[in-house]
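Inspection log for the structure reproduced underneath, given as C-alpha cells.
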Amino acid sequence: MNDVLVIGTVALDTIETPFGKVEKTLGGSATYASFAASFFSKPALISVVGNDFPENYIGLIKKRGIDIDGLKVAGKTFHWDGFYEYDMNEAKTRKTELNSLEHFKAEVPEKYKEIKYIFLANIDPEQQLDVLRQVGKPDFVVLDTMNFWINNKKKSLLEVIKKIDVLLLNDGEARQLFNTVNIVKAANEALSSGPNAVIIKKGEHGALLFTKNKHFNAPGYPLENIKDPTGCGDCFGGAFIGYLAKTKNLNEQNFRKAIVYGSVVASHNAEDFGLNRLKHLTMNEIEKRYKEFQDIRKF
Ligand code: AMP
C-alpha cells in the first residue's frame with residue numbers, strides 16, 4: 001500500500017556546474033522527491049513524460065519501489081536547462097521547455113485517492129490544485145514551488161497555499177512571494193495565509209522551521225564534496241514527508257527530526273550529478289549522517 005502521493009515533474013535535465021556538465025539526464029521535482037521519500041516510505045508518483053523518455057530511466061524509478069501507475073506518456077518530456085556558478089546555492093535557468101507538461105491534466109488513479117500524505121512538489125499550481133480536488137481527506141499536505149510559478153501563476157499558487165499544511169520555499173522564493181526582504185516577515189505572512197508550518201530552505205546553510213509559536217533551525221551539513229545541488233530542495237521535501245508518513249507523528253518534535261532527515265538526504269544528493277548519488281545511497285549512510293547532525297548541535 002502506497003503511503004505518500006507525489007505530484008511534480010519528471011524531467012530530462014541539462015545541468016552545468018563548476019564541476020562538469022550533463023545533458024538530458026533524469027531529473028524533475030517528483031523524481032527527486034519520490035526517490036528521497038522511498039528511503040522511508042512507499043511513494044506513488046503522478047506526472048507526465050514524453051515518448052522520448054528513456055526506458056532505462058523508467059527502470060531506475062521502478063527499482064526504488066516507486067509506483068508509477070499515475071505516470072502518463074504524451075508528446076515530449078519536460079526539459080530544464082540550468083547552471084550554477086561558484087555560489088551553488090542559486091540555480092540559474094537557461095531554458096524551461098514545458099512540452100507535455102503544458103497540456104497535462106493530473107488524474108489521480110482510484111487506488112491513490114485514500115493516501116494520507118501528499119507532496120505537491122514543484123509543478124504548475126493548477127495541477128497541484130487538481131490533485132487536491134481529487135483525493136479524499138488527506139492528513140497532511142506539503143507544497144513546494146519555485147520562482148517560475150511565482151512569476152507566472154501567483155494567483156493559483158496563493159490559492160493552493162490556503163489548502164496545505166506545510167509550505168516549503170527557499171529564502172529567495174519566500175522574499176519574492178511575500179514581497180519582503182525579511183524572512184521572518186515572509187514566514188509570518190505565509191502562516192497567516194493557511195499553512196501551520198513554513199520551512200525556509202537556505203541551501204548549504206540549512207533550513208528554518210516556523211510554526212505559530214515556535215522556531216527551529218537545522219544546520220547545513222559541512223560538505224566538502226559538492227558537485228551538483230540540483231534536486232536538493234525536492235530531496236529535502238521528499239525525505240521530510242517520507243519520514244513523517246513512516247512515523248505517523250505530526251508533532252513539532254517529530255517535524256524537527258524529519259527536517260534533519262531531509263537535510264541528510266539533500267546533502268548526499270549534492271555529492272554527484274543528477275540522481276547518481278541517490279541511486280547508491282543506503283539507509284546506513286543516512287543514519288550515520290543523521291548522528292553527525294546531532295553531534296553538530298551539541299554544546
Ligand atoms: P531543485 O533543485 O530541488 O529546486 O529542483 C530541481 C528540479 O526541478 C530539476 O530536476 C528540474 O527538472 C525541476 N524543475 C526546473 N524548473 C521547473 C519548473 N518550472 N517546474 C517544475 N519543476 C522544475
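The values are calculated or read from the model by the stated rules, or taken from the named source; none is laboratory data. Since this is a predicted model, take the numbers as computed values, not measurements. In this analysis, Cβ positions are derived from the backbone assuming ideal geometry, glycine residues included, and neighbour counts consider all displayed protein chains. For accessibility, only protein heavy atoms count, side chains too; no ligands or nucleic acids. Shrake-Rupley method; radii C 1.70, N 1.55, O 1.52, S 1.80 Å.
A residue that is part of a helix (DSSP H, G or I), over 22 Å from Asn249 (Cβ atoms) and either within 19 Å of the chain's Cα centre (by Cα) or acidic (Asp, Glu) (or both) can be found somewhere in region 135-147.
Just one of the listed residues (Thr247, Thr180) is away from the ligand (no atom under 15 Å from the Cβ), modelled with pLDDT of 95 or more and more than 21 Å from Val6 (Cβ to Cβ), namely Thr180. When Lys105, Lys92 are screened for being in contact (Cβ under 8 Å) with a residue 12 or more places away in the chain and among the charged types (D, E, K, R), only Lys105 passes. I'd like to know if region 279-288 contains one or more residues that are within 22 Å of Ile118 (Cα to Cα) and touching a residue at least 40 places away in the same chain (Cβ under 8 Å). Among the residues of region 279-288, not one is within 22 Å of Ile118 (Cα to Cα) and touching a residue at least 40 places away in the same chain (Cβ under 8 Å), which makes the answer no. Scanning region 215-230 for residues that are open to solvent by less than 10 Å² (accessible area, probe 1.4 Å) and either touching a helix residue (DSSP H, G or I) at 6+ places or on another chain (Cβ under 6 Å) or free of Cβ contacts under 8 Å to residues at least 24 places away in the same chain (or both) gives a single hit, Ala218. In this structure, Leu209 does not qualify as aliphatic (A, V, I, L, M) and closer than 29 Å to Lys95 by Cα. The residue pairs whose first member lies in region 43-59 and is over 24 Å from Val131 (Cβ atoms), whose second member is surrounded by fewer than 18 Cβ atoms within 10 Å (Cβ to Cβ), and whose beta carbons are closer than 6 Å, counting only pairs six or more residues apart or on different chains, are Asp52/Lys76. Residues of region 192-214 that are buried (at least 20 other Cβ atoms within 10 Å of the Cβ) and assigned to a loop (DSSP other than H, G, I, E, B): Pro195 alone.
Does Gly237 qualify as being assigned to a loop (DSSP other than H, G, I, E, B), within 11 Å of the ligand (Cβ to nearest atom), at pLDDT 95 or above and open to solvent by less than 10 Å² (accessible area, probe 1.4 Å)? Judged against the criteria, Gly237 is not a match. For Asn147, the test of being out of contact with any Ser or Thr (no Cβ under 9 Å at 6 or more places or on another chain), surrounded by fewer than 18 Cβ atoms within 10 Å (Cβ to Cβ) and under 24 Å from Ile200 (Cβ atoms) is failed.
Of all residues in region 21-32, those being without any contact (Cβ under 8 Å) to a residue 40 or more places away in the chain and open to solvent by less than 10 Å² (accessible area, probe 1.4 Å) number 0. Of the residues making up region 153-185, those that are closer than 23 Å to Ile118 by Cβ and assigned to a helix (DSSP H, G or I) are Lys154, Lys155, Ser156, Leu157, Leu158, Glu159, Val160, Ile161, Glu173, Ala174, Leu177.
Conditions (1) surrounded by fewer than 18 Cβ atoms within 10 Å (Cβ to Cβ); (2) among the aliphatic types (A, V, I, L, M); (3) part of a helix (DSSP H, G or I), marked per residue:
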| residue | (1), (2), (3) |
| --- | --- |
| Ser34 | no, no, yes |
| Ser47 | no, no, no |
| Asp52 | yes, no, no |
| Gly59 | yes, no, yes |
| Lys62 | yes, no, yes |
| Leu71 | no, yes, no |
| Asp87 | yes, no, no |
| Glu90 | yes, no, no |
| Arg94 | yes, no, no |
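Once region 120-141 is narrowed to residues that are closer than 20 Å to Leu169 by Cβ and surrounded by fewer than 18 Cβ atoms within 10 Å (Cβ to Cβ), the residue that is nearest to the ligand (Cβ to nearest atom) is Glu126.
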